[in-house]
Structure formats: structure tokens, C-alpha cells
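Asker: Structure incoming, see below.
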Amino acid sequence: MLFYIWLPLLCIRGFLSGYFESNTTLLTILINLIMFLDLLFDIRKNNHEINILLIWVFFLLPVIVLNKAELSFIDILLAVYLLRNIDIKSLFSFSVFCSFIMIVLFLFCFLTGRKQNVYMRMPKGNAYTLGFKNANQASNFFYMCLLPVVELFLISNKKGTSFFLLPFFYLIFKLTLGRTMFYSELIFFILIILLAVPFIRKISFPFICIAPLILYFILFYFSRFFEKYLLLDIIFTTRFSIYSEMLSSMSIKNCLYGIHIPEGQPMDSSFLTLLFDGGILPVFFFLYMYVQYISDSLKKTDFLFFPFILCVLAAGFSENIFSSFNIISILFFSVLYTRSTNTQL
């Protein structure tokens with residue numbers, strides 16, 4: 001039950017670090033201490049029984065000695081384990097409450113002028129930062145806050161209500177020019193419509209099953225041959241050339257425990273961040289959970305969370321969404337983990 005404390009604190013940490021660029025080390029330590037205490041209560045409550053997910057947490061812990069960035073993925077798995085008995089609808093409902101807290105904090109700071117709303121001139125156009133470090137962070141913030149809301153509408157059988165937020169997503173896009181987030185949000189709404197058609201749903205399953213592998217292939221391919229696609233690299237704000245440099249510096253040992261990302265070096269792709277922060281084990285575990293989720297969903301003809309999962313995958317292609325310890329990554333991996341064993345809403 002301590003998630004009523006550490007989950008809101010996690011959201012507040014994200015806002016403080018993103019909006020005020022605050023050093024949140026102490027808050028991170030506090031969150032981890034509360035989660036550890038929650039784990040002790042959980043183990044005692046369940047007569048010291050430990051399932052495979054917690055074994056993975058313990059197995060990955062030594063990697064922190066070699067690469068402290070691995071703590072993010074370990075925290076995600078630990079959070080999923082602690083929330084495993086909470087039904088998904090209740091988890092999304094509480095996440096919406098946390099989103100409300102973040103939006104209230106933002107509105108208070110924005111309306112009282114705590115930070116300056118900077119007008120940025122960029123190659124892709126002009127955008128507002130809304131008080132954040134840059135316009136992209138502003139777009140990411142509203143994505144984190146509003147995606148749980150539209151998914152809650154969806155699992156509450158209010159598909160039509162979800163579309164009322166589409167104009168607001170477009171407004172955020174026009175203000176911040178956050179293309180990745182807006183396009184992934186469009187994928188969410190398009191999938192709601194397409195997956196309602198049995199024929200389209202049937203022919204799309206093979207692509208849905210291997211979607212992460214396709215995205216990994218695209219990332220590796222364009223990172224390897226970015227010099228042949230310089231225009232594409234520019235469109236993605238030199239992401240592929242950065243990825244190429246990082247991938248080429250990895251040794252066999254780095255494949256086991258990851259690589260140290262230089263201070264200040266942006267690493268936006270969730271797919272590659274899993275690899276860089278912890279090596280191949282987090283990548284394999286992520287792919288295993290995804291395949292198991294898709295397989296079980298097909299058996300149960302349960303497609304309710306496909307728009308959410310694929311929306312997050314699309315955003316994670318070029319943004320650090322499901323590999324960092326945040327509300328979306330917890331919801332993402334919770335769906336992958338719990339929906340394969342529990343269909344209760």
C-alpha cells in the first residue's frame with residue numbers, strides 16, 4: 001500500500017527535474033527507500049514467497065556496480081512487482097490522479113511566472129518551452145500526464161470520450177512542435193478505430209507481434225549507415241549519428257552490463273537506452289515480456305491495451321519514455337506483465 005506514497009513522489013520528482021532542473025538525488029533515494037520498505041512488507045505478507053520478476057530484480061542488482069544507470073530498469077521492475085496485485089483499471093485511475101497533481105503544479109508555476117516561457121527558434125519551426133528547459137521536454141510532460149487519461153477512458157468503455165482530448169494534444173503540438181509525441185498520440189487514436197475492424201485487426205497481428213524487433217532493426221540500420229541518410233539524420237536532430245557513435249564504442253563486455261553515457265549526452269531512444277544502461281539482459285527481458293503479452297492477448301482475444309502499448313513503443317523509438325523510471329514506463333511494463341495472468345479490470 002506504500003505505492004500511495006512513492007508513486008506520487010515519483011511524479012513530483014519528474015516535474016522538479018524537468019521544470020526546475022532540480023537535483024533530485026535525495027528524492028530518488030527517498031523513493032527507493034520507501035519502495036524497499038514496501039518490498040519488505042510485501043515479502044512478509046506473502047510468507048516470503050518470491051516470484052520470477054523479483055528474482056530478475058535481484059539478478060540485475062550487481063550490474064549497478066558496473067553501471068549505475070541500470071537502477072532505472074531495476075526500479076521499473078520492482079515497481080511492477082509491488083503493483084502486481086493492483087488491477088489495471090485501478091492503477092490507471094491512480095495514475096490519472098498523479099497526473100492531476102503534476103498538472104496542478106505546472107499551472108501554479110506557469111501562471112505565477114516561476115519560470116519564463118521562452119520562444120525558441122529551431123530548424124523545424126518556432127515553439128514555446130512553457131517554462132521547461134526546452135520545448136521537447138514540455139511536450140513529453142503533457143504526454144506523461146494525458147496518456148493515462150485517454151487509456152482510462154478506453155478501458156472504461158468510453159472510446160468516444162478519448163477523442164475529446166485530441167484537440168488538446170494538437171494544441172500542445174502547435175505550441176511545442178513535439179512531433180514524436182504527437183505522432184505517437186495519433187497512432188493511439190488511429191488504432192482505436194482500426195482495431196475495431198476484425199479484418200484489419202487480423203492482418204495487423206503479425207506486424208504487432210514483431211513491432212519491437214522492427215523498430216530495433218530500423219534503429220540499428222540507420223545508426224550503422226547514417227552517412228547515407230544525412231537528411232533523415234537531420235530530421236531526427238542527429239539522433240542516428242549519436243547512436244552510431246555510442247554503438248561503435250561498445251565492446252563485448254559492454255553488451256553484458258551496458259556503457260557509460262557521457263555527462264550531458266542526450267540519449268533519447270528507449271530501445272537503445274535499455275541496451276546502453278544495462279546491456280542485453282534488459283533488452284531480452286523487455287522483448288520476452290512483450291511477446292508473452294501479445295501471445296496471451298491473442299489467446300484471450302483481448303486487445304484493449306494495444307493502442308496504449310503501440311503508442312508507447314512509437315514514442316520510445318526516438319524518446320526516452322519506457323526505459324526511464326516514470327509513470328508511463330511503470331504502466332507500460334505493468335500491462336505487459338499483469339495482463340498475461342489477469343484479465344480482471
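Just so it is clear, none of the values below were taken in a lab; they were calculated from the coordinates. Keep in mind the model is a prediction, meaning the values are calculated, not measured. Quick reminder, even Gly has a Cβ in these numbers, built from the backbone with ideal geometry, and neighbours come from all protein chains shown.
Asker: How many residues are over 26 Å from residue 240 (Cα atoms), polar (S, T, N, Q) and touching a residue at least 24 places away in the same chain (Cβ under 8 Å) if we restrict to segment 296-332?
Answerer: Of the residues in segment 296-332, 1 are over 26 Å from residue 240 (Cα atoms), polar (S, T, N, Q) and touching a residue at least 24 places away in the same chain (Cβ under 8 Å).
Asker: How do the pairs read when you match residues in segment 193-207 that are without any contact (Cβ under 8 Å) to a residue 12 or more places away in the chain and within 25 Å of residue 158 (Cβ to Cβ) with residues anywhere that are of a type in the set (S, T, N, Q) and surrounded by 10 or more Cβ atoms within 10 Å (Cβ to Cβ), using Cβ under 9 Å and keeping only pairs 6 or more apart or on different chains?
Answerer: 194/204
Asker: Separate question: Filter segment 169-193 for residues that are exposed (fewer than 14 other Cβ atoms within 10 Å of the Cβ) and either of a type outside the set (Lys, Arg) or under 21 Å from the mean Cα position of the chain (by Cα) (or both) and give the result.
Answerer: 170, 171, 190, 193
Asker: Quick one: what pairs do we get from segment 176-188, first residue at negative phi and without any contact (Cβ under 8 Å) to a residue 40 or more places away in the chain, second crowded, with 24+ Cβ neighbours inside 10 Å and part of a helix (DSSP H, G or I), C-beta under 6 Å, 6+ apart or different chains?
Answerer: From segment 176-188, no pairs qualify.
Asker: Are any of the residues in segment 39-55 crowded, with 20+ Cβ neighbours inside 10 Å, closer than 24 Å to residue 320 by Cβ and under 22 Å from the mean Cα position of the chain (by Cα)?
Answerer: no
Asker: While we're on this one: Going through segment 217-248 one residue at a time, which ones are within 22 Å of the chain's Cα centre (by Cα), aromatic (Phe, Trp, Tyr) and either loosely packed, with under 12 Cβ neighbours inside 10 Å or closer than 21 Å to residue 122 by Cβ (or both)?
Answerer: Once the filter is applied, which keeps residues that are within 22 Å of the chain's Cα centre (by Cα), aromatic (Phe, Trp, Tyr) and either loosely packed, with under 12 Cβ neighbours inside 10 Å or closer than 21 Å to residue 122 by Cβ (or both), segment 217-248 yields 217, 236, 240, 243.
Asker: Collect the residues in segment 85-115 that are assigned to a loop (DSSP other than H, G, I, E, B), farther than 23 Å from residue 138 by Cα and not hydrophobic (A, V, I, L, M, F, W, C), keeping them in residue-number order.
Answerer: If the condition is that a residue be assigned to a loop (DSSP other than H, G, I, E, B), farther than 23 Å from residue 138 by Cα and not hydrophobic (A, V, I, L, M, F, W, C), then 85, 87 are the ones that fit.
Asker: Taking segment 194-204 on its own, how many of its residues are of a type outside the set (S, T, N, Q) and crowded, with 16+ Cβ neighbours inside 10 Å?
Answerer: Total meeting the criteria: 2.
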